Amino acid sequence: MDERHKKILQRNRSNLVKGLDPSNLYDSLLEKGVFTEDMIDEIKSSGTRRDQARQLVRDLETRGSRAFPIFLECLQETGQHSLAELLQDGAPSVHIRPSAPPQVVRPPVKPLPVVSPMDIDKPKVEVVPISPLSPKQKTNTTPTPCKLHTIISRWWQSGLFLILKDIYFLLLHPCGHCLIINNVEFDPRSELSNRTGSNIDCDKLERRFKALNFIVEVKANLKQRQIKHQLSALSKKDHSQFDCCVVIMLSHGTEVSHSRFPGAVYGVDGQHIPVQYITNYLNGQHCPSLQGKPKLFFIQACGGGEKDTGFEVSPDEVEPSFGGEDDQTDAIPMSSSSDSLSMSDEPDARATLPTPSDILVSYSTFPGYVSWRDTQSGSWYVETLDRILEESASINDLVTMLMMVNHEVSQNSAKGLYKQMPGSFNFLRKLLYFQTQA
């Protein structure tokens, strides 16, 4: 880009960050060759609208001589005329096609239903009958309504007299996509050890979420760039015919500097991606078809390198449980002294997420500490999570079950000494009940 154009952008950066709507520009800038798809994904994952606008302007300065006039053209096309005029002041004349007036599509107006005053406080639930499926139809993944009356019956039998509007309804079958990224074999140059036992975790979670009526896709041994590509592809899917979305990360992790929440997950190339970026791919701004729907993230990775030895409590408060001889962690070694405790220890990650609604991130460990994994039976966290989901998903909501997971994992001890405490950041607005077999 010419220096005079760079100076114009730099002079007006504060106004651009304040008023620019980058989401309307991505397709045009990609189509006109100003940015690549990977660059667009990087900008999208940078955070809020202001963060994205700031990153877009910075990246724009690194592009070719045509980047500035094309940017002005895109501003005009997307109706951001005031910013285009602001940048044109002092800039050489640029031929910009006038934008066509946007076509306003008004939704059809439907009359409101007439409701009897006696029925105002009664929740209305429409039960859709289910036709029996032929053998050929059974493999079809087209979402269909599930047996709503069975779900409501379970709530009633369990004593959960809940207001229906305070529940996420997972009524479609399948109810959503589930992406599992399982990093086991790491590049020797990354100085990260292989995660023996992680395939056991992956198999358990794949079976469990299929049983919960999700479309499960497993990706193994991905580099950082490939992780971003898979998340971007997931965000671009049409989720309008589904009720939920799940992402599961099984990898090494570490602490990183952060503005909101800590933690990052490693690719097999030793490059990490902050969990805040991972969650950003599916938030309401970047994935409109998931707006108002629960987005669930499960992170089996260390949150740091510190090993928790716990503290003394009354014997009545503890149900001791001891891990096996093959317990490992999923974190980067922090020092030679900590490594000497176990030559096979590898710590895992903790997450950073933004604050949009309808997101829950469940961590295998408390921020700053390692997460333990048995090479024979898998990680403490996943083993417990899988069992709790199997035993309790038909009667308990997700947050209640995660509390049960926290309690049971906290009772374990690695090598008779070290403890682990899972936790979660919960931005769900309602209770979430999974679909289970009737």
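See the values below:
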{"read-out": "Residue in the stretch 36-45 that is part of a loop (DSSP other than H, G, I, E, B) and open to solvent by 60 Å² or more (accessible area, probe 1.4 Å) present", "value": "yes"}
{"read-out": "Asp51 being in a helix (DSSP H, G or I), open to solvent by less than 40 Å² (accessible area, probe 1.4 Å) and either under 27 Å from Leu231 (Cα atoms) or of a type outside the set (Lys, Arg) (or both)", "value": "no"}
{"read-out": "Restricting the stretch 369-407 to residues that are assigned to a helix (DSSP H, G or I), at pLDDT 90 or above and open to solvent by 50 Å² or more (accessible area, probe 1.4 Å), the residue that is nearest to Lys430 (Cα to Cα)", "value": "Val399"}
{"read-out": "When residues of the stretch 194-218 are limited to those that are open to solvent by 50 Å² or more (accessible area, probe 1.4 Å) and in a loop (DSSP other than H, G, I, E, B), the one modelled with the lowest pLDDT", "value": "Thr196"}
{"read-out": "Phe71 being part of a loop (DSSP other than H, G, I, E, B) and modelled with pLDDT of 85 or more", "value": "no"}
{"read-out": "All positions within the stretch 219-240 that are touching a Ser or Thr at 6+ places or on another chain (Cβ under 8 Å) and open to solvent by 20 Å² or more (accessible area, probe 1.4 Å)", "value": "Lys228, Lys237, Asp238, Ser240"}
{"read-out": "Among residues of the stretch 150-193, those that are more than 30 Å from Asp238 (Cβ to Cβ), modelled with pLDDT of 85 or more, open to solvent by less than 60 Å² (accessible area, probe 1.4 Å) and not in a helix (DSSP H, G or I), counted", "value": "5"}
{"read-out": "Criterion violated by Met343 - all others in (1) farther than 21 Å from Val256 by Cβ; (2) modelled with pLDDT under 85; (3) open to solvent by less than 20 Å² (accessible area, probe 1.4 Å) satisfied", "value": "(3)"}
{"read-out": "Unmet requirement for Val256, which otherwise passes all of (1) surrounded by fewer than 20 Cβ atoms within 10 Å (Cβ to Cβ); (2) farther than 24 Å from Gln435 by Cβ; (3) under 15 Å from the mean Cα position of the chain (by Cα)", "value": "(3)"}
{"read-out": "Unmet requirement for Leu428, which otherwise passes all of (1) at pLDDT 90 or above; (2) closer than 19 Å to Thr384 by Cα", "value": "(2)"}
{"read-out": "Hits in the stretch 18-33 - residues which are of a type outside the set (Ser, Thr, Tyr) and open to solvent by 10 Å² or more (accessible area, probe 1.4 Å)", "value": "Lys18, Gly19, Asp21, Asn24, Asp27, Leu30, Glu31, Lys32, Gly33"}
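Rundown of residues vs (1) at pLDDT 85 or above; (2) not assigned by the TED database to the domain that holds Arg225; (3) not hydrophobic (A, V, I, L, M, F, W, C), yes/no style:
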{"site": "Val17", "(1), (2), (3)": "yes, yes, no"}
{"site": "Val34", "(1), (2), (3)": "yes, yes, no"}
{"site": "Met39", "(1), (2), (3)": "no, yes, no"}
{"site": "Gly47", "(1), (2), (3)": "no, yes, yes"}
{"site": "Asp59", "(1), (2), (3)": "yes, yes, yes"}
{"site": "Arg97", "(1), (2), (3)": "no, yes, yes"}
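The values are calculated or read from the model by the stated rules, or taken from the named source; none is laboratory data. This is a predicted model, so every value here is computed, not measured. In this analysis, Cβ positions are derived from the backbone assuming ideal geometry, glycine residues included, and neighbour counts consider all displayed protein chains. The accessibility values were calculated without ligands, DNA or RNA, using every heavy atom of the protein model including side chains. Shrake-Rupley method; radii C 1.70, N 1.55, O 1.52, S 1.80 Å.
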